[in-house]
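The values are calculated or read from the model by the stated rules, or taken from the named source; none is laboratory data. Everything quoted here is computed from the prediction, not taken from an experiment. Positions of Cβ are backbone-derived with ideal geometry, glycine not excepted, and every protein chain shown enters the neighbour counts. In case anyone asks, the SASA skips ligands and DNA or RNA and just uses the protein heavy atoms, side chains included. Shrake-Rupley method; radii C 1.70, N 1.55, O 1.52, S 1.80 Å.
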Amino acid sequence: MRKLLINILFFLALLILVTIDLTSYRYIKNLSATNAWIVHTREVIQTTDNVLLALADAESNHRGYLIAGDEVYLDFYEAAITKFNDTFAKLTELTADNAAQQTRLNALRPLLKQRIAIFAATLADYKQKNPLSLNRGNLMTQQIQLQLSSINNAELLLLKERNDLSLQQSETIHAIILSADSFSLGLFLIVFFLFNYQLRARSKAEQAVQLVNAQLERGVIELKQYNTEITLLAEMSRALQSCLTTDEAYIPITLYCQQMLPFAAGILYVMHASHNYLELAASWGEPCSKEHVFSPDHCWALRSGQLHHADKDQQNLLCHHIKLSENIPAPRYICIPLIAQNDTLGLFYLELLPNYALGKNTPLNSNKQLLMTTVAEQISLALANIRLRETLRYQSIRDPLTSLFNRRYLEESLGREIQRAERKNTPIALIMLDVDQFKRFNDTYGHDAGDAVLRELGHVITEHIRESDIACRYGGEEFVLLLYEATVEIARERAEELRKAVHRLHVKYVKDALGQITISQGVALFPDHANNSAALITAADAALYQAKKA
């Protein structure tokens, strides 16, 4: 009877372990799907912001054309309208799965058509020299902005719900595994004590008792170890979800890999953006081979796209990035490529300690290899998500042509810095500049040549500002420099230095020299010329137009 009870308890414990594995797999799959929706929601939010930016850019260049009559503004206005239509179409496609958002977009579409029609009507009045109203359509623009803001707010709420769901799923996985493992551990302990009780009564089965005890002890130890590994894996996943940059993610990766993989020293290699080489990003333990930079072709795992391991019997398959000092034998190691979204992000290199091997019936069994690949998959997914967030953040605040900050970043930063300057009672200088006769480059050499001029001008501006200053492409060929704690005299000196640097600039497009490049600049100071961000930009713009006329 006692033997039957032991068998029942033993098989019940095994059943619980199988159930844990199946349940964990299902929840982890759901967690991955939730993370994919989080990325989708972030893309919708970014696209909504881009629709707003395109509309603002169209309105700014439309107004600039009506004020200055420069055909360059008209070109940029038409490009902005095209970008606006493309971005709005993309937003419609991205929200096709959301009926509520589609309803909002359907309500917004007539307003957009009316606003664009007002743009066209105002341009027609201007060309026919009819009286103009620069504020015509402003109310409709505000309505459009409110509608887009409601779309954005709905996506932000959806993003919060999905983030909360992701965290809840992670905690659910942890709770299920912890409770089930505790119950299974209890059953194993009961079986253990029942075996001890029964076998102590049998003196002739002393050898069998010792064998069973050893097996049960190993089972208990492995179960505890398994529970610890799952707990650490969940903790690492939550920590990586909270990281904002890849450099920040290397800290929890190093910390948790030391705890989860105590049988190996390791190195995390990260693929460079050019995909020409990998470089060391983090390491733990004391690996014998510690190459800092190497080519992807030097690793068998990266060549094949799958795990590669080497032991004493496989010396001919050592990776070329294994560099050892003299008289040091080749290590046992495992290379796991870090792949996510069909992109190779890096390499997970694990160098086994001397007491572990890779063959069958050794301490490093299939469970350990499964643990190592699971850790590598978690790291791959986390790095891919962090890089995506970094890319979205960079695209939202940077101009893609010049790599300078964009107009949106300037407007966000200027208001904040003016408040700080008011508290500290310090000045802020604003320099607004644009390229003289820029239309000549586009008309003579084409728009690609004009882009080359703006790109080189962005490089010159970057070289002539302090790290604390902000340089932005404001729109078209206009740029704005924000100088902290700078007086009018300092701002003028900086503007003169920049003018001379641009005067020395010689840009070539294909084989053609594009000729002399000059700029006009306007300087305004807070609080001398304006007491808020909008007024300061207006003052600098007025000074720029005065410089143009002069």
Helix 488-503 versus the longest principal axis of the chain: what is the Cα-based angle in degrees, 0 to 90, to the nearest 10?
90 degrees
DSSP loop GluC sites (Glu not before Pro) in region 261-358 with at most 10 other Cβ atoms within 10 Å of their Cβ, which ones?
Glu326
Just report the Cα centroid separation between region 36-108 and region 255-307, whole Å.
42 Å
Contact order normalised by residue count of the chain, Cα under 8 Å, 6+ apart, percent:
10 percent
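Rounded to a whole number of µm²/s, how large is the Stokes-Einstein D of region 448-532 at 4 °C and 1.567 mPa s, given Rh as the Kirkwood radius over C-alpha pairs?
Working: Rh = 14.0 Å.
Estimated via Stokes-Einstein, D reaches 92 µm²/s.
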Taking θ = phi - 60°, what integer Hz values does the Karplus form 6.51 cos²θ - 1.76 cosθ + 1.60 yield along region 335-342, in sequence order, with x for Gly and Pro?
10, 10, x, 9, 10, 8, 6, 6
Point-to-point label distance, Asp164-Ser242, nm (Cα→Cβ direction, 7 Å offset)
1.9 nm
Heavy-atom accessible area per residue of region 379-449, all protein chains kept, 1.4 Å probe, expressed in Å², is 48 Å²
Might you report the magnitude of the Cβ-based charge dipole of the chain about its Cα centre, with Lys and Arg at +1 and Asp and Glu at -1, to the nearest 20 debye?
1360 debye
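Volume per residue, Å³, of the convex hull around the alpha-carbon atoms of region 205-356? Intermediate values should be presented prior to the final figure.
On the way: hull volume 23.0 nm³, N = 152.
Hull volume over Cα atoms, normalised by residue count, gives 151 Å³.
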If you line up the long axis of helix 138-200 against the longest principal axis of the chain, both from Cα atoms, how many degrees apart are they, to the nearest 10?
10 degrees
Accessible surface, per residue, of region 469-550 when the full set of protein chains is kept, probe 1.4 Å, Å²:
50 Å²
Quick one: divide the alpha-carbon radius of gyration of region 291-356 by 2.2 N^0.38 Å and tell me what you get.
1.13
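So for region 1-120, considering every pair of alpha-carbon atoms, how many percent are separated by more than 23 Å?
Values: 4009 of 7140 pairs.
That tail contains 56 percent of the Cα-Cα pairs.
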Using packing as a proxy for protection, rank 467-474, 444-451 so that the peptide with the highest average count of other Cβ atoms within 10 Å comes first.
467-474, 444-451
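Can you give the translational diffusion coefficient of region 262-420 in µm²/s, computed by Stokes-Einstein from the Kirkwood radius over Cα pairs at 25 °C and 0.890 mPa s?
Working: Rh = 17.9 Å.
Diffusion coefficient, whole number: 137 µm²/s.
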On C-alpha positions alone, give me the angle between the axis of helix 407-424 and the longest principal axis of the chain, in degrees, nearest 10.
90 degrees
Excluding ligands, DNA and RNA, the carbon-plus-sulfur percentage of the accessible area of the chain with a 1.4 Å probe reads 53 percent
Spelling out what I want: for every residue of region 290-295, take phi, set θ = phi - 60°, compute 6.51 cos²θ - 1.76 cosθ + 1.60 (Karplus), and round to whole Hz; glycine and proline get x.
9, 5, 7, 9, 7, 7
With a 1.4 Å probe and all protein chains left in place, how much accessible area per residue does region 55-110 have, in Å²?
46 Å²
To one decimal place, what Kirkwood hydrodynamic radius in Å is obtained for the chain from all pairs of distinct Cα atoms?
28.9 Å
